[in-house]
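The values are calculated or read from the model by the stated rules, or taken from the named source; none is laboratory data. Keep in mind that what you see is a predicted model, and the values were worked out from it rather than measured. Backbone-built Cβ (ideal geometry, glycine too); neighbour counts: all protein chains shown. Just the protein is used for accessible areas: all its heavy atoms, side chains included, with ligands, DNA and RNA removed. Shrake-Rupley method; radii C 1.70, N 1.55, O 1.52, S 1.80 Å.
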Amino acid sequence: MEKLISNWSNIKSVPENYIFPLESRPGDLKIPTSNSIPIIDLNEAQKDDSDRANTIHQIIKAAQEFGFFQVINHGILENEMKETMSVFKEVFQMSDEYKQKLYLDDDLKTCKRFTSSLRYETENVHLWRDSLRHPAHPLEDWQHLWPENPTEYRECVGNFSVKIKELGSRIMDLISEGLGLKCGYFDNDLTGSLIISINHYPPCPEPSLTLGLSKHKDPYLITILMQDGVSGLQVLKDGKWITVEPLPHAFVINIGHLLEIISKGKLKSAEHRAVTNSSQTRTSAAFFIAPSDDCLIEPAQDLTHYENNQPILRSFKYKEFLKNFFDTLGDTDLILKSFEPPKN
């Protein structure tokens, strides 16, 4: 537990094992905030057919060009977002005694509190973050394993996670319609899991040297991200980093690597990272819409009108993909190579 950054981050310099190699550290270059990342009003999809078609077009276009977009008027109340974010932040402000109970000390824990990553002991350089991670769907299978404190955590986060799952289903329905897939294509084991990951980034004395999250793609279908108003998320677009500005009462949606595979590369999963700053703590909550472990993943057979813009892959179970993701530290090329069919 003494490894948790929040317990010792009030220092004047970054420890050597948190300093990233020169080619991957953020440096002192100021990254511009982008006004071009699409902001999509989901309420428009509830109006008439032409408004729904326009919303779908915006989502598909954003998923192709950026792999990221923000959604507003999504049906979740602002006070519900604020209350849930407040509970998430409180987790990282609890007493040392409580942190000790929650801190990850074995791989069998379902609800995991850890620092940097789940590969802390073997990674070459550490991330400037503390995290809490646990499954959330089906809710009745997992809620009793969540933190008991703050006392409102289970009820508040449980109610919120149900609404997030519903939001994820709405977005996946719009995406499937935009791809030309049958209605309800993703209403099965492809979206059988919801994982919550709360990241806590304390102020860093030398933000140019370290990262809260290194460059990666998410190994899921989509990620629904709730930010707390402090900038830190950056997306790689055309070889350049751009900052995703936190918008009040908005969620950031990013296309996961699995959805890129299922869509035959029509939708793009963008690489992204989290940077730190020297003055403000940042907390974000990522809700990962993902398949069930044994769900079979392959390019959608119904997309016969799309050329496959990616390597030919064999079908694979989601748990295979996830294991390869963590074993290769998210190396996209290595992950895909492991699922290429055997050569004759």
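Putting +1 on Lys and Arg Cβ atoms and -1 on Asp and Glu Cβ atoms, find which of Ser86, Tyr153, Tyr120 reaches farthest to the positive end of the dipole of region 42-184.
My answer, from the dipole projection, is Tyr120.
As an exercise, take the mean of 1/r over every pair of distinct alpha carbons in region 188-235, invert it, and state the Kirkwood radius in angstroms. Walk me through the numbers on the way to the answer.
Details: mean 1/r = 0.0739 Å⁻¹.
Evaluated on region 188-235, it is 13.5 Å.
Roughly how many debye, to the nearest 20, is the charge dipole of region 136-277 about its Cα centre, given +1 on each Lys and Arg Cβ, -1 on each Asp and Glu Cβ, and no other charges?
On the way: 13 positive and 17 negative charges, 129 e Å.
For this selection, approximately 620 debye.
Through the Karplus equation 6.51 cos²θ - 1.76 cosθ + 1.60, θ set to phi - 60°, convert the phi angles of region 242-247 into ³J(HN,Hα) values in whole Hz; use x for Gly and Pro.
10, 8, 8, 5, x, 9
Could you go through region 234-241 in sequence order and give the Karplus-derived ³J(HN,Hα) for each residue, using 6.51 cos²θ - 1.76 cosθ + 1.60 with θ = phi - 60°, rounded to whole Hz, and x for Gly and Pro?
Computed from phi, the couplings for region 234-241 are 10, 10, 8, 10, 6, x, 10, 7 Hz.
Semi-axes of the equivalent ellipsoid for region 219-331, please: Cα gyration tensor eigenvalues, times 5, square-rooted, ordered largest first, whole Å.
Working: eigenvalues 170, 49, 36 Å².
Result for region 219-331: semi-axes of 29, 16, 13 Å.
For region 120-159, give the magnitude of the charge dipole about the Cα centre (Cβ charges: +1 Lys/Arg, -1 Asp/Glu; no others), in debye to the nearest 20. Walk me through the numbers on the way to the answer.
Details: 3 positive and 8 negative charges, 24 e Å.
Dipole magnitude for region 120-159 comes out near 120 debye.
Can you check what the Kirkwood hydrodynamic radius comes to for region 228-267, Cα pairs only, in Å to one decimal?
On the way: mean 1/r = 0.0830 Å⁻¹.
Every distinct Cα pair counted, the radius reaches 12.1 Å.
Just to be sure I understand: if I project the alpha-carbon convex hull of region 40-96 onto a plane and average over all orientations, what area do I get in nm²? Don't jump to the answer; show the numbers that get you there.
Numbers: hull surface 21.2 nm².
Averaged projected hull area, Cα only: 5.3 nm².
Based only on Cα atoms, what Rg/Rh ratio does region 1-154 have, Rh being taken as Kirkwood's radius?
Numbers: Rg = 20.4 Å, Rh = 19.5 Å.
Taking Rg over the Kirkwood Rh, I get 1.05.
Would you work out which of Pro26, Ser50, Val14 lies farthest towards the positive end of the dipole of region 1-56? Charges go on Cβ: Lys and Arg +1, Asp and Glu -1.
Of the listed residues, the answer is Val14.
With θ taken as phi - 60° and the coefficients 6.51, -1.76 and 1.60, list the Karplus ³J(HN,Hα) couplings across region 113-118 in order, rounded to whole Hz; mark glycine and proline as x.
9, 8, 10, 6, 8, 6
Which one of Ser95, Pro38, Ser169 is farthest out on the positive end of the charge dipole of the chain, using unit charges on Cβ (Lys, Arg +1; Asp, Glu -1) and the Cα centre as origin?
The listed residue farthest towards the positive side: Pro38.
Could you tell me the accessible area of Glu155 in Å² (1.4 Å probe, neighbours in place), rounded to the nearest ten?
130 Å²
Could you list, in their original order, any pairs among Lys217/Lys240; Lys47/Lys266; Lys217/Lys337; Lys237/Lys266; Lys89/Lys323; Lys30/Lys240 whose Cα atoms are separated by more than 18 Å? Numbers along the way, then the final one.
Details: Lys217/Lys240 16 Å; Lys47/Lys266 27 Å; Lys217/Lys337 16 Å; Lys237/Lys266 16 Å; Lys89/Lys323 29 Å; Lys30/Lys240 12 Å.
Lys47/Lys266; Lys89/Lys323, as the Cα separations exceed 18 Å there.
Once every Cα of the chain carries one equal point scatterer and solvent is ignored, give the base-10 log of I(q)/I(0) from the Debye formula at q = 0.07, 0.15 Å⁻¹, two decimals.
-0.28, -1.42
About its Cα centre, what dipole magnitude does the chain give when the only charges are +1 on Lys and Arg Cβ and -1 on Asp and Glu Cβ, stated in debye to the nearest 20? If you can, show how the numbers build up before the last one.
Working: 37 positive and 49 negative charges, 135 e Å.
Approximately 640 debye in magnitude.
Based on the alpha-carbon gyration tensor of region 176-255, what equivalent-ellipsoid semi-axes (square roots of 5 times the eigenvalues) come out, in whole Å, largest first?
Numbers: eigenvalues 174, 45, 34 Å².
Working from the Cα gyration tensor, I get semi-axes of 30, 15, 13 Å.
Arrange the peptides 326-332, 294-300, 23-29 so that the one whose residues have, on average, the most other Cβ atoms within 10 Å appears first. Walk me through the numbers on the way to the answer.
Numbers: 326-332: 14.1, 294-300: 15.9, 23-29: 12.0.
So the order, starting with the most tightly packed, is 294-300, 326-332, 23-29.
How large a share of the accessible area of the chain, in percent, is made up of carbon and sulfur atoms when the probe is 1.4 Å and the other protein chains stay in place? Walk me through the numbers before you get to the answer.
Values: 7800 of 16140 Å².
Carbon and sulfur together cover 48 percent of it.
Just round it to a whole percent: the fraction of Cα-Cα distances in region 108-174 exceeding 21 Å.
41 percent
Enumerate the amide H contacts of Phe66 below 5 Å, restricted to partners 5 or more residues apart or on another chain; note that Pro and chain-start residues carry no placed amide H.
none
Per residue and in cubic angstrom, what volume does the convex hull of the Cα atoms of region 99-239 have?
On the way: hull volume 23.5 nm³, N = 141.
Spelled out: Cα convex hull of region 99-239, divided by residues, is 167 Å³.
Would you list the P(r) distribution for region 146-223, with all Cα-Cα distances sorted into 10 Å bins from 0 and each bin expressed as a whole %?
Taking every Cα pair in region 146-223, the percentages come to 14, 32, 29, 20, 5, 0.
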